[in-house]
1. Just need the relative contact order of the chain here, percent rounded to a whole number, with Cα pairs under 8 Å and 6+ apart.
2. Hey, of [x] 7.8; [y] 8.9; [z] 16.3, which did the structure itself give for mean projected area of the Cα convex hull in nm² when calculated?
3. Which order, highest average first, do 60-69, 2-11 follow once you tally other Cβ atoms within 10 Å for each residue and take the mean per peptide?
4. Let me know the Kirkwood hydrodynamic radius for the stretch 1-54, please, with Cα pairs as the basis and the value in Å to one decimal.
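Please treat every number below as a calculation from the coordinates, not as lab data. Since this is a predicted model, take the numbers as computed values, not measurements. Methodologically, a virtual Cβ is constructed for each residue, glycine included, from the backbone with ideal geometry; neighbour enumeration extends over all protein chains shown.
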């Protein structure tokens, strides 16, 4: 296991009518009760057919805290047209040891995070198996 100091999160919005959002997105680590708001980016992030990358500090987070079924991407349903059409999610942890640890690689999500859609406001992330969380 490795202690992480930062997370690199890359999200791609699907090319879908009204697929972008002004809502806030959060990464919830339910196993340890921590939640991280993805930082606001200059301009309009999470727009239709666009990729947005976030890099932010994560105090006291371990690769073991991202057990399968416990990490969720959540839309807070705020702002105008809060629904968001997710195409892909990639998450890599930057360890205190200076190494990079891939945690999530979901390249074909193809679903809404929206209050008025059957899928709802959350997406349980497919965490890579512990043997796949190696160093890149």
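1. Relative contact order for the chain comes out at 31 percent.
2. Evaluating mean projected area of the Cα convex hull in nm² on these atoms matches [x].
3. Details: 60-69: 16.1, 2-11: 18.9.
The packing order, highest mean first, is 2-11, 60-69.
4. Working: mean 1/r = 0.0788 Å⁻¹.
In the stretch 1-54 this quantity evaluates to 12.7 Å.
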